[in-house]
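Here's the structure, in structure tokens; my notes come after.
The values are calculated or read from the model by the stated rules, or taken from the named source; none is laboratory data. Everything numeric in this text was worked out from a predicted model, so none of it was measured. Here Cβ is always computed from backbone atoms with ideal geometry, including for glycine, and neighbour counts include all displayed protein chains.
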Amino acid sequence: MKWTKIIKKIEEQLEAGIYPGASFAYFKDQQWREVYLGQSDPEHGFKTKAGLVYDLASVSKVVGVGTLLIFLCHQGKLDLERPVTDFLPDSDYPDISIRQLLTHATDLDPFIPNRDQLTADELKKAMFHLNRREKPSFLYSDVHFLILGFVLEQMFDEDLDTLLREKVWNLWGMRETTFGPVSQAVPTVRGVKAGLVHDPKATLLGKHAGSAGLFSTVKDLKIFLEHYLKDDFADGLSQNFSPLEDKDRSLAWNLEGDWLDHTGYTGTFVMWNRKKQEAAIFLSNRTYEKDERAQWILDRNQVMDLIRKEEGGIDVKEF
């Protein structure tokens with residue numbers, strides 16, 4: 001059974017010290033199953049349990065800015081081909097469209113010199129004048145969604161925090177989703193105060209960050225994914241929206257066949273498949289003891305591949 005294989009893999013990774021604890025939920029046959037494994041806070045001996053708040057890291061991109069922009073496109077209020085300069089005239093990007101930003105299909109060079117020495121205003125200004133690579137190609141980068149966040153703030157003349165709360169989270173009853181810092185959360189790094197935002201750019205930009213910085217719970221993410229599985233706005237997202245040929249992407253989401261997913265640096269991911277009516281939530285603090293990103297990607301993909309796998313399919317690794 002798929003559920004058993006997934007849980008076994010998570011338990012193996014816990015035993016190997018890949019992450020100290022994990023909250024996992026899986027939706028199939030119109031119901032959720034949840035499991036809470038390991039420790040959320042080894043320093044204090046706290047076990048993982050229901051109701052914990054996690055730093056979503058880049059999963060914030062779809063829980064926030066991505067969803068609001070998908071709403072606007074579905075409602076006919078935003079043309080994907082409109083250039084960035086229609087909204088941000090001070091930027092250098094008259095040739096870059098909203099579609100390109102949403103699919104990470106630009107030629108922007110995300111490197112910002114002396115980034116950690118900049119103020120929030122200086123960082124925002126720097127993102128309006130980024131260097132360019134040789135030609136547009138798929139390059140996953142925070143700067144795309146940071147710029148999209150600034151676009152939304154300009155469109156509505158509101159802080160991103162207010163926009164997302166009014167137009168997404170309150171609409172769906174997501175009461176446990178918010179920008180950090182928060183008073184209580186699963187610690188992401190040993191010795192660092194829990195509830196602080198892990199991502200440095202999102203830390204600096206706070207409630208204006210479209211790329212990271214959101215905190216949420218399994219409960220809220222279950223609500224979130226059920227809307228993607230059932231609501232009209234998400235019908236048709238399981239197709240390639242990228243203008244490039246080097247990487248298929250949906251709007252804001254990674255696309256693997258009929259599965260859409262998004263991952264986060266701190267050890268998080270969400271996945272959904274509208275055709276199969278399946279979804280999954282994985283929340284951990286894999287950065288708590290160590291930060292081995294390359295290894296984490298391999299380990300994370302093992303779990304994600306099991307979730308995508310067809311029930312009862314032949315696994316050549318079993319022979």
Apart from one, (1) within 16 Å of the chain's Cα centre (by Cα); (2) touching a residue at least 60 places away in the same chain (Cβ under 8 Å); (3) part of a helix (DSSP H, G or I); (4) under 13 Å from Ser60 (Cα atoms) all hold for Gly206; the odd one out is (1)
Here the residues within segment 149-169 that are in a helix (DSSP H, G or I), within 14 Å of Gly213 (Cβ to Cβ) and more than 19 Å from the chain's Cα centre (by Cα) are none
For segment 61-91, the count of residues that are in a loop (DSSP other than H, G, I, E, B) and surrounded by 14 or more Cβ atoms within 10 Å (Cβ to Cβ) equals 5
For strands (runs of 3 or more DSSP E) lying entirely in segment 213-319, having 2 or more residues that are out of contact with any Phe, Trp or Tyr (no Cβ under 7 Å at 6 or more places or on another chain) and either among the basic types (Lys, Arg) or within 21 Å of Phe27 (Cβ to Cβ) (or both) picks out 254-256, 259-264
Out of (1) out of contact with any Lys or Arg (no Cβ under 6 Å at 6 or more places or on another chain); (2) touching a residue at least 24 places away in the same chain (Cβ under 8 Å); (3) part of a loop (DSSP other than H, G, I, E, B); (4) farther than 15 Å from Lys201 by Cα, the one Phe138 does not meet is (1)
Being at pLDDT 95 or above, over 27 Å from Val168 (Cα atoms) and surrounded by 13 or more Cβ atoms within 10 Å (Cβ to Cβ) narrows Glu122, Glu134 down to just Glu122
Note on segment 98-123: residues over 24 Å from Leu204 (Cβ atoms), under 21 Å from the mean Cα position of the chain (by Cα) and not in a helix (DSSP H, G or I) are Thr103, Ala105
Per the list (1) out of contact with any strand residue (DSSP E or B) (no Cβ under 8 Å at 6 or more places or on another chain); (2) in contact (Cβ under 8 Å) with a residue 24 or more places away in the chain; (3) aliphatic (A, V, I, L, M); (4) part of a helix (DSSP H, G or I), residue check on Ala126 breaks on (2)
